[in-house]
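To keep things clear, I will list the structure first and then write my remarks on it.
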Ligand code: LMR
């Protein structure tokens, strides 16, 4: 059964009872329409309809009547349709719900079209995109939905927009949390941690209340490790293992730099771990990485370059890019989100691994428990992952890992009030920075 969703989900929507009755009269032409007010947002409603194959009807668009509302139903997504009625869709999988926050931003503007095209979840996976924005970005969000509409993606079956995470996260299997406030002029890092922390605490609560129990959450909004920690702590009914902080962009950057130095194409670089925080203390691990299957140190015999230039280049790549572009990386970030998802839904190639910021409790490396730390992972392709056991350490690596670990523990103390651990005490090391803050 296919479902087209009319989703007037903006929380400021005020549908008066006259409008509701006029809406329901028009919708009476639909067969088997479910009209359900959303449980939490009292002023909003979602209408889901479906028709049997022989009952496909002409589109019914909701006309504005009375006072202008923020209610949005996006043309093609307002139609009724039936996946089973169409020959090509009979082999499709069951529709999955994907939430994207910061949906009107630059990263999402790249990502959403990749998701909708089938490039991420495959050509037989229909999807529903549930877009979370802010009141300020609501018009832009409508623009994004219009562009999705105009792209005629066959696999994109539903699009809804809202500023309420409790609506957006309902039954989602994936939550890609991109939206976060950038650090403004004069803002202390502790202030940034607090402001963004509040957002991720709320989103964690919303996920806990309404998302699929199996939801996989990828936190992109910075500072992503600590935001992911806050999010998972506020979602106690979802396994902590399901939360990731995006460090795949750092892994990709590291692979590119090693490939450049070795004079090989970047597909020859494997086993690349980023340890720790997505910040300038992150540790791109050239000790365990390989080029053409050989240890990096056997291919690049320049220890000074590896320890100094390479490491710093990866750590500060985001900042250099901001200087060139005048804004944060967006396209490459969206590519790395795709890579991160694919790494969880396809089996990791034999002998290789990928990096992700994950919950440390139970890790085999001796990293402090109860933080979110980037580590080497492998997946069977079922959405889950396991830690890689066969990595080696030397003094250089251990010293760097200890530093990034200390930074994350300090960030955790700054957000104690958001993770149920009492009063926050912020003693961040002075040089602690996001890759973009230089
Ligand atoms: C990046 O690594 O490019 C971003 O996280 C930088 C930033 O601070 O936005």
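The values are calculated or read from the model by the stated rules, or taken from the named source; none is laboratory data. This structure is a prediction, so every number in the text was calculated from the model and none was measured. So basically every Cβ, Gly included, is an ideal-geometry build from the backbone, and we count neighbours across all protein chains shown.
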For region 415-437, what are the residues that are at pLDDT below 95, more than 16 Å from the ligand (Cβ to nearest atom) and within 29 Å of residue 327 (Cβ to Cβ)? 426, 429, 430
Just wondering, is there one or more residues in region 372-394 that are within 16 Å of the ligand (Cβ to nearest atom) and under 30 Å from residue 304 (Cα atoms)? yes
If the requirement is being out of contact with any strand residue (DSSP E or B) (no Cβ under 9 Å at 6 or more places or on another chain), in a loop (DSSP other than H, G, I, E, B) and closer than 25 Å to residue 108 by Cα, which of these qualifies: 237, 222? 222
From 180, 140, which residue is within 16 Å of the ligand (Cβ to nearest atom) and within 20 Å of residue 331 (Cα to Cα)? 180
Out of 237, 196, 214, which single residue is within 14 Å of the ligand (Cβ to nearest atom) and closer than 22 Å to residue 370 by Cα? 196
Scan region 385-410 residue by residue and report those that are in contact with a helix residue (DSSP H, G or I) (Cβ under 7 Å, 6 or more places away or on another chain) and in a loop (DSSP other than H, G, I, E, B). 385
Checking 329, 356 in turn, the sole residue that is modelled with pLDDT under 95, surrounded by 15 or more Cβ atoms within 10 Å (Cβ to Cβ) and in contact with a helix residue (DSSP H, G or I) (Cβ under 8 Å, 6 or more places away or on another chain) turns out to be 329
Among the residues of region 240-269, count how many are away from the ligand (no atom under 14 Å from the Cβ) and touching a strand residue (DSSP E or B) at 6+ places or on another chain (Cβ under 7 Å). 12
Identify the residue in region 240-264 that is outside any helix (DSSP H, G or I) and either modelled with pLDDT under 95 or closer than 22 Å to residue 333 by Cβ (or both) and, among all such residues, is farthest from the chain's Cα centre (by Cα). 247
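With the condition being over 24 Å from residue 176 (Cβ atoms) and in contact (Cβ under 8 Å) with a residue 12 or more places away in the chain, I'd like the helices (runs of 4 or more DSSP H) fully within region 266-382 carrying at least 2 qualifying residues.
296-299, 311-325
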